[in-house]
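Student: Quick one: structure below, then a few questions.
Nothing in this text is a laboratory measurement; each read-out follows from the coordinates by a stated rule. Keep in mind the model is a prediction, meaning the values are calculated, not measured. Methodologically, a virtual Cβ is constructed for each residue, glycine included, from the backbone with ideal geometry; neighbour enumeration extends over all protein chains shown.
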Amino acid sequence: MQTQSLTIRRPDDWHLHLRDGAMLEAVAPYSARQFARAIIMPNLVPPVTTVDAACAYRDRIRRAAGPGFEPLMTCYLTDSIDPDELERGHREGAWVAAKLYPAGATTNSHSGVTDVRHIYPALERMEKIGMVLCVHGEVTDPAIDIFDREAVFLERVLTPVLRDFPGLRIVLEHITTADSADFVRDAEPNLAATITPQHLHLNRNALFDGGLRPHAYCLPVVKRERHRLAVRAAAVSGSPKFFLGTDSAPHLKEAKESDCGCAGIWNAPHALESYATVFDEEGALDRFEGFASEHGPRFYGLPLNEGTVTLERADVAVPERIAAAGSSLVPFHAGQTLGWKLAAA
Ligand code: DOR
Ligand code: ZN
């Protein structure tokens, strides 16, 4: 008989963009409904590079999300980041990780790192104090085809960093390729990866399905079908190296549907249901709890959540758009029906 209902330990989102101001107010409750904690991305304008900025942002998130949701803050690494500020923020509990954006790789990454060697003093300190490094794993070299930038990053940046900092815990965020899935699987236990719903559901045909599809555009860009299948296999493998990170990244409808549309898919409203659909299709519902609720906290060295959430086999219709910040957002799976529904708490 088919499983009709699935109760798992309350999950976390290990990669989330909440923005600020009216957008934060609009989107935060969707994540809080599903997740107990989330790793909050620091790519605001200006980026979150100081302990004071992180604490003030955390307060704003707590207010917007309501009780029962804990934002786990990250520091945005720049070429000139001060290792002492990193250590102070980590010691005071202001942030649990730091984020490496190669400069120019994605949304609001222009203050990011121009050469990983510039942050070697920071990485050395993070290795010493046990602070996690989150990585946007794409090179920015314009000579490299955009579909190859993740694979080239493994060789040019990640391999030397792993060699030079063997004790540093690293999360390769939002993996999109068979290359990354294999690389992470075969690496030492200090390397793990997050996986988004969109990279489990979409291949690159989705970008051109009957016309140009801005709502399927995110970075790293979705890849060939063989890569999607490899990422799915990694997600459902049961390996503790792979865990849930939505990379939910809201941009207003008009900013997506533009002659230079923003990268990012807003998947927060139905994230857990979207992942559950994939695990069901793969016959791996028994591994969903590990992926959603256990592997992440164990890698970060944080306690597992108390409490549970329940998903039921029932249709859930995803709206075409949702009002937000004086305009609207188009959610991932807009207009589709998903077969798993999060039961009311
Ligand atoms: O698609 C993306 N959107 N990828 C990123 O890395 C950043 C994110 C955003 O902030 O919009
Ligand atoms: Zn992201």
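Student: If I filter segment 90-109 down to residues being within 16 Å of residue 172 (Cβ to Cβ) and out of contact with any strand residue (DSSP E or B) (no Cβ under 8 Å at 6 or more places or on another chain), which single residue comes out as farthest from ligand 2 (Cβ to nearest atom)?
Tutor: Ranking the qualifying residues of segment 90-109, first place goes to 105.
Student: Scan segment 120-149 for residues that are assigned to a loop (DSSP other than H, G, I, E, B) and more than 17 Å from residue 247 (Cβ to Cβ) and report the count.
Tutor: Total meeting the criteria: 9.
Student: Among the candidates 284, 235, 263, which residue alone is within 24 Å of residue 29 (Cα to Cα) and not hydroxyl-bearing (Ser, Thr, Tyr)?
Tutor: Exactly one residue qualifies, and that residue is 263.
Student: Of the conditions (1) within 16 Å of ligand 2 (Cβ to nearest atom); (2) among the aromatic types (Phe, Trp, Tyr); (3) surrounded by fewer than 17 Cβ atoms within 10 Å (Cβ to Cβ), residue 217 fails just one. Which one is it?
Tutor: (3)
Student: Of all the residues that make up segment 62-95, how many are crowded, with 18+ Cβ neighbours inside 10 Å and in contact with a Gly (Cβ under 9 Å, 6 or more places away or on another chain)?
Tutor: 7
Student: Could you please tell me which pairs satisfy a Cβ distance under 7 Å, a separation of 6+ or placement on different chains, a first residue in segment 306-334 that is free of Cβ contacts under 8 Å to residues at least 60 places away in the same chain, and a second residue that is of a type in the set (D, E, K, R) and surrounded by 14 or more Cβ atoms within 10 Å (Cβ to Cβ)?
Tutor: Cβ pairs passing all conditions: 314/341; 316/273; 316/341.
Student: Could you grab me the full set of residues in segment 243-259 that are near ligand 1 (Cβ under 10 Å from one of its atoms) and without any contact (Cβ under 8 Å) to a residue 12 or more places away in the chain?
Tutor: 255
Student: So is residue 57 within 14 Å of ligand 1 (Cβ to nearest atom), within 18 Å of residue 249 (Cα to Cα) and in contact with a Pro (Cβ under 9 Å, 6 or more places away or on another chain) or not?
Tutor: Here the answer is no, as residue 57 does not meet what is asked.
Student: Continuing with the same structure: Output the residue which, of all residues in segment 231-261 that are among the polar types (S, T, N, Q) and surrounded by fewer than 23 Cβ atoms within 10 Å (Cβ to Cβ), is nearest to ligand 2 (Cβ to nearest atom).
Tutor: 258
Student: For segment 290-311, name all the residues that are surrounded by fewer than 18 Cβ atoms within 10 Å (Cβ to Cβ) and either in contact with a helix residue (DSSP H, G or I) (Cβ under 8 Å, 6 or more places away or on another chain) or under 20 Å from residue 32 (Cβ atoms) (or both).
Tutor: Matches in segment 290-311: 302, 303, 304, 306, 307, 308, 310.
Student: Would you tally the residues in segment 64-85 being away from ligand 2 (no atom under 16 Å from the Cβ) and either outside any helix (DSSP H, G or I) or within 21 Å of the chain's Cα centre (by Cα) (or both)?
Tutor: 12
Student: Of everything in segment 197-213, what is within 20 Å of residue 175 (Cα to Cα), outside any loop (DSSP other than H, G, I, E, B) and more than 16 Å from ligand 2 (Cβ to nearest atom)? Give them in sequence order.
Tutor: 201, 204, 205, 206, 207
Student: Hey, among 310, 277, which residue is of a type in the set (Ser, Thr, Tyr), more than 16 Å from ligand 2 (Cβ to nearest atom) and in a helix (DSSP H, G or I)?
Tutor: When all the criteria are applied, what remains is 277.
Student: Residue 172 fails exactly one of the following numbered conditions: (1) away from ligand 2 (no atom under 16 Å from the Cβ); (2) hydrophobic (A, V, I, L, M, F, W, C); (3) in contact (Cβ under 8 Å) with a residue 12 or more places away in the chain. What is the number of that condition?
Tutor: Answer for residue 172: the failing condition is (1).
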